[in-house]
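Since every read-out is calculated from the coordinates, none of them should be taken as a lab result. Keep in mind the model is a prediction, meaning the values are calculated, not measured. No Cβ is skipped: glycine too gets one built from the backbone with ideal geometry, and neighbour counts run over all protein chains shown.
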Amino acid sequence: MLPWFSKWNKENPTDIYGPAVIIGAALGGVFVAALLVSWGQPYATESMQTGPRGTGMSVTEYKASVTAPDPSIADYYSEEPYIPEGGEELAKDIYENVQVLGDLTEDNFNRLMTAMTQWVSPEQGCAYCHGDGDLETYGSDDLYTKVVSRRMIQMTQNINENWDGHVNANAEVGVNCYTCHRGQNVPSDIWFKITPVSDNFEGWSSNQNRATSISQFTSLPSDALEKYLLDYEVIGVHSLESRVAENPSDPDVKTWQDTERTYSLMNYVSNSLGVNCVFCHNSRAFYDAGQVTPQWGTEMLGISMVQEMNNDYLVPLRDTYPPERLGPIHADAPKAACKTCHKGYQQPMQGLNVIADWPELATTEAPVYE
């Protein structure tokens, strides 16, 4: 090295690391961008607009979650019906004690019985409802499971026939036994009464301030499902005006406790469907029923439907169940709610049509085969 250059270089130091870091970072960013473009954004989101533009009313989910199939769909059993030609013997004329589905042909009756076995008791088989006896004993009602199953068939027909506005709000999908059971004897996400949640307090503290599954593990009240999905109490919040002359003892006056109970129910609904508040409500007018989304109406129908299911079909079966099937605190019958069907999805089984092959469950009248 020339002496004069060494002297000049020493007196005029140059930062060669800073530019190298900048250039390296820039090239690295270009490389990552190229990977994202070629391979796809791993955290890409998909939004469903639920309200007017500019209001922020949208439900956002990761695309990976949206496209991930409900794992229970893979185990769903279905079979096309046998189109009657006319003149076939009916189930009620062949088998004993057929109180529902008796107007089906033998082939379609046995086809539906096979499906129900797969939907509800795939491990136990026919014996789950009919016992281990011969076919001649299948008419007996000795097992509670058969009595309950008969009533559940009637409930399913009622839902498909009279609650079309809820179950078929977007397209014909209907419900059948698998919608709730998913291959289990007892559906997941049923519920029982659990209040009071504390023996050490009286009054309102006995309903909240302890994380429970029904309160979605929050300190919100644990009796929201009981009050709103069983007792027909009106869902509502306290007055939005300050210093209102109201008496909390008036049954028509909504208190802070009612408000917290309402929030508890709304939290449950959101988790049941995997959506947020603006799926049903306008974010700038939560309390204005005139500015809600169409999904709000669908949900209100769903709440009314569940109230009827619980009061007309599920609760009256209490004396039919054995003790081990009753609630652990109040020995009450198992009841349904939103999550019993939805399992965290906006539509149960992600909108799969589960009634197409089962017109027998779509109506209490004679099924229409196509």
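Quick notes
- Judged by the mean number of other Cβ atoms found within 10 Å, the most tightly packed of the peptides 127-138, 353-364 leads the ranking 353-364, 127-138.
- Cα gyration tensor, the stretch 240-347 - rounded (a/c under 1.5), prolate or oblate: oblate
- HN-Hα J in Hz across the stretch 357-362 - Karplus 6.51, -1.76, 1.60, θ = phi - 60°, x for Gly and Pro: 8, 10, x, 5, 9, 8
- GluC sites (Glu not before Pro) restricted to the stretch 215-263 and DSSP loop, no more than 11 other C-beta within 10 Å: Glu241
- Compared with the dominant principal axis of the Cα atoms in the chain, helix 106-120 is inclined by about 50°.
- Gln99 versus Ala211: modelled label distance in nm, points set 7 Å from Cα along the beta carbon direction: 4.4 nm
- The alpha-carbon of Lys339 sits under 20 angstrom from the alpha-carbons of these lysines, leaving out residues fewer than 8 places away in its chain: Lys193, Lys227.
- Spatially, the stretch 294-367 and the stretch 71-92 are offset by 22 Å when compared through their Cα centroids.
- Sorting Arg151, Arg53, Arg284 by the number of Cβ atoms found within 10 Å of their own Cβ, with the fewest placed first, yields Arg53, Arg284, Arg151.
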